[in-house]
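Engineer: Before anything else, here's the structure in question.
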Amino acid sequence: MKKFLAVVLALVMAAGFCTFSANGAARPAAAADDITIGVSIWSSTDTLGSQVKRLLDVAAAALGVRIMYVDQAHISEQVTASVETLIAAGADGIIICNSSSAEMRSVINNANQNKVYVAQFFRVINERDNPNEYALANSSPYYAGAVHEDEVANGANLARILCEKGNRKIALQGWEAGDATFLGRWEGYRKGVEEWNAANPNDQAVLLEPQYGGTTSDTGRATAEAIIAANPDIDALIVAGGGGDPLVGAIAAIDGLGLTGKIAVASTDFLPDLAEQLARGAIAVESGGHYADPLFAFMMVYNAIKGNYEVPTDSFYRILFPYIYVASVEDYAGYDKYFVESLPYTSEELVKMSGYSFEELSAAAAALSIEDVAGRRGN
């Protein structure tokens, strides 16, 4: 009965919100107060997801846009179903953090069929590994684009920092086999270790094959415990990501085994208590600070709906977002001030940003840093 009522509600919402015509005509530009943007996300409540939601909610309020979320746990069937749910509920545009690039075929086809703009965040379709999906994205008038990081460089930097800190046997914990972002990071970890070994032939480092720990703290802890049991001589563990909760579980596993400070932990996804974890040696180095990434995908979709960004049919918009790296309490202090205690953008700045050209928006993303926010705050 509950499922039936949910379907009815979705259909009623769709009837009230959808503005495209049945004859295939392009959707007319919408007024800001008549825009609904959906967010398909692995979790809107875990460590990283809640930070994403916090900023997007402020942006939506500043622009007078309705926003709705569907959590899909990076489960492939739920990822594709989330887009159908958001479309049925009346979304004019969708931003999505999918799992594999292959899922984007269904996502883009749904966007095309229903004339709903879509953009990825924390993700981009890999042209080499997924040429068909990449071609579909290029040709779609409703695939606005992607906001993502250079995950290979990110992985290489983390591996290099671990090697420089003296770590030589590095275990790796992923979250989902085949995940597009994990594959990029893994390539980077290998690259970082290979570069270290090439430069230090008499002081070699080893990167173990990844084990996968899902996206919860419980599975993250169990996976870290299993890795350590099978490899008791590791001196470092990279927890590749997965939203932050797997890292929480891995830290708990290391604490429980009395190995805090003996196993250096590197990760991507800032925790809310990162300063404390750095101070006690539970984390050696972390990259992250990128919860603003989805904001730029949101702005791309918002401007596409408004008719301000014409979506090309031979390419798509693409923003490369910078990571912040911290390896000490001192490194973290500025991040805490400008990204945790407050948001990196005020409501007034978000309204101004919504009027940027794509080139201006891309430049703002590339500039985002602790120093950037401090400068805008006059500090």
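Engineer: Quick one: accessible area per residue over the stretch 66-149, 1.4 Å probe, rounded to a whole number of Å²? Working shown, then result.
Structural biologist: Values: 2690 Å² over 84 residues.
Here the residues of the stretch 66-149 average 32 Å² of exposed surface.
Engineer: HN-Hα J couplings of the stretch 202-212 from phi, Karplus 6.51/-1.76/1.60, θ = phi - 60°, integer Hz, Gly and Pro as x?
Structural biologist: Residue by residue, the stretch 202-212 yields 9, 8, 7, 10, 10, 10, 6, 5, x, 10, 10 Hz.
Engineer: Same structure, new question: What does the charge count near residue 195 come to, summing +1 for each Lys or Arg and -1 for each Asp or Glu among other residues with Cβ under 15 Å from its Cβ?
Structural biologist: Numbers: positive: 160, 168, 190, 191; negative: 164, 187, 194, 203.
Once positives and negatives cancel, what remains is 0.
Engineer: Another question, then. At 1.4 Å probe size, with every protein chain present, just tell me what the per residue accessible area of the stretch 205-299 comes to in Å².
Structural biologist: Numbers: 2940 Å² over 95 residues.
Each residue of the stretch 205-299 exposes 31 Å² on average to a 1.4 Å probe.
Engineer: Please find the FRET efficiency linking residue 129 to residue 273, where r is the Cβ-Cβ separation and R0 is fixed at 56 Å, and quote it to the nearest 0.05. Let's see the in-between values first.
Structural biologist: Numbers: r = 36 Å, r/R0 = 0.64.
Efficiency, from the Cβ-Cβ distance: 0.95.
Engineer: So how exposed is residue 117, as accessible area in Å² (1.4 Å probe, rounded to 10)?
Structural biologist: Estimated to the nearest 10 Å², residue 117 gives 30 Å².
Engineer: Could I ask something else about it? Could you pull out which residues in the stretch 72-98 have an amide N less than 14 Å from a spot 7 Å beyond the Cα of residue 113, following the Cα-Cβ vector?
Structural biologist: Residues 80-88 qualify, since their backbone N sits under 14 Å from the label point.
Engineer: Could you compute the net charge surrounding residue 130? Neighbours are other residues with a C-beta less than 14 Å from the C-beta of residue 130; K and R count +1, D and E count -1. Show your work: numbers first, answer last.
Structural biologist: Values: positive: 105, 123, 128; negative: 103, 127, 129, 133, 179.
Counting the neighbours of residue 130, the net charge comes to -2.
Engineer: Separate question: Taking the 0 to 90 degree range and rounding to the nearest ten, how far is the long axis of helix 76-88 tilted relative to the main principal axis of the chain, both from C-alpha atoms?
Structural biologist: The answer is roughly 30 degrees.
Engineer: In addition: Mind checking which of 111, 89, 230 has the largest fluctuation in a GNM of the chain, springs on alpha carbons under 10 Å?
Structural biologist: It is 230.
Engineer: Another question, if that's okay. Whose amide H sits under 5 Å from the amide H of residue 150, counting only residues 5 or more places off or on another chain, with H placed in the peptide plane?
Structural biologist: Distant-sequence amide H within range of residue 150: 321.
Engineer: For the chain, find the longest principal axis of its Cα atoms and tell me its angle to the long axis of helix 293-306, 0 to 90°, nearest 10.
Structural biologist: Approximately 10 degrees, to the nearest 10.
Engineer: Counting only the heavy atoms of the protein chains, how much of residue 123 is accessible to a 1.4 Å probe, in Å² to the nearest 10?
Structural biologist: The accessible area comes out at roughly 10 Å².
Engineer: I've got another one for you. Which shape class applies to the stretch 132-277: rounded if a/c is under 1.5, otherwise prolate when a/b exceeds b/c and oblate if not, where a ≥ b ≥ c are the square roots of the Cα gyration tensor eigenvalues? Numbers along the way, then the final one.
Structural biologist: Values: a/c = 2.15, a/b = 1.40, b/c = 1.54.
Because a/c hits 1.5 or more and a/b fails to exceed b/c, the stretch 132-277 counts as oblate.
Engineer: Also, quick follow-up: How do 331, 372 rank by accessible surface area computed with a 1.4 Å probe, from largest to smallest? Provide the component values of the computation, followed by the final result.
Structural biologist: Working: 331 70, 372 40 Å².
Heavy-atom accessible area, descending, gives 331, 372.
Engineer: Given the DSSP H assignment, sum -39500 (n - 2.57) over each helix run of at least 4 residues in the chain and divide by its residue total; what's the result at 222 nm in deg cm²/dmol, nearest 500?
Structural biologist: Numbers: 15 runs with 177 residues, N = 379.
Helices in the chain give a 222 nm mean residue ellipticity of -14500 deg cm²/dmol.
Engineer: Note the angle between two axes, namely the Cα long axis of helix 245-256 and the longest principal axis of the Cα atoms of the chain, as a number of degrees from 0 to 90, rounded to the nearest 10.
Structural biologist: Approximately 20 degrees, to the nearest ten.
Engineer: Per residue, how much accessible surface does the stretch 323-379 expose to a 1.4 Å probe? Answer in Å², no decimals.
Structural biologist: Numbers: 2790 Å² over 57 residues.
With the other protein chains kept in place, the stretch 323-379 gives 49 Å² per residue.
Engineer: Give 53/262; 53/337; 53/191 a once-over and call out the pairs whose C-alpha atoms are over 23 Å from each other. Can you show the working numbers first?
Structural biologist: On the way: 53/262 35 Å; 53/337 19 Å; 53/191 33 Å.
Beyond 23 Å between Cα atoms: 53/262; 53/191.
Engineer: Still on this structure: Just to confirm my numbers, what's the Cα centroid distance between the stretch 253-297 and the stretch 93-115 in Å?
Structural biologist: That distance is 31 Å.
Engineer: If you don't mind, another one. Which percent of the accessible heavy-atom area of the stretch 251-291 goes to carbon and sulfur, probe 1.4 angstrom?
Structural biologist: With neighbouring chains kept in place, the figure for the stretch 251-291 is 54 percent.
Engineer: OK, next. Of all DSSP beta bridges located in the chain, what percent are antiparallel, nearest 5?
Structural biologist: Details: 3 of 42 bridges.
Of all bridge pairs located within the chain, approximately 5 percent are antiparallel.
Engineer: By the scheme Lys and Arg +1, Asp and Glu -1, what is the net charge of all other residues having a beta-carbon under 9 Å from that of residue 274? Write out the running numbers ahead of the final one.
Structural biologist: Values: positive: none; negative: 273, 276, 286, 336.
That sum, taken over residues with Cβ under 9 Å, equals -4.
The values are calculated or read from the model by the stated rules, or taken from the named source; none is laboratory data. What you see is a predicted model, and the numbers here were worked out from it, not measured in a lab. Because the Cβ atoms are built from the backbone with ideal geometry, glycine has one as well, and the counts that use them run over all protein chains shown. Only protein heavy atoms, including side chains, enter the accessible area calculation; ligands, DNA and RNA are left aside. Shrake-Rupley method; radii C 1.70, N 1.55, O 1.52, S 1.80 Å.
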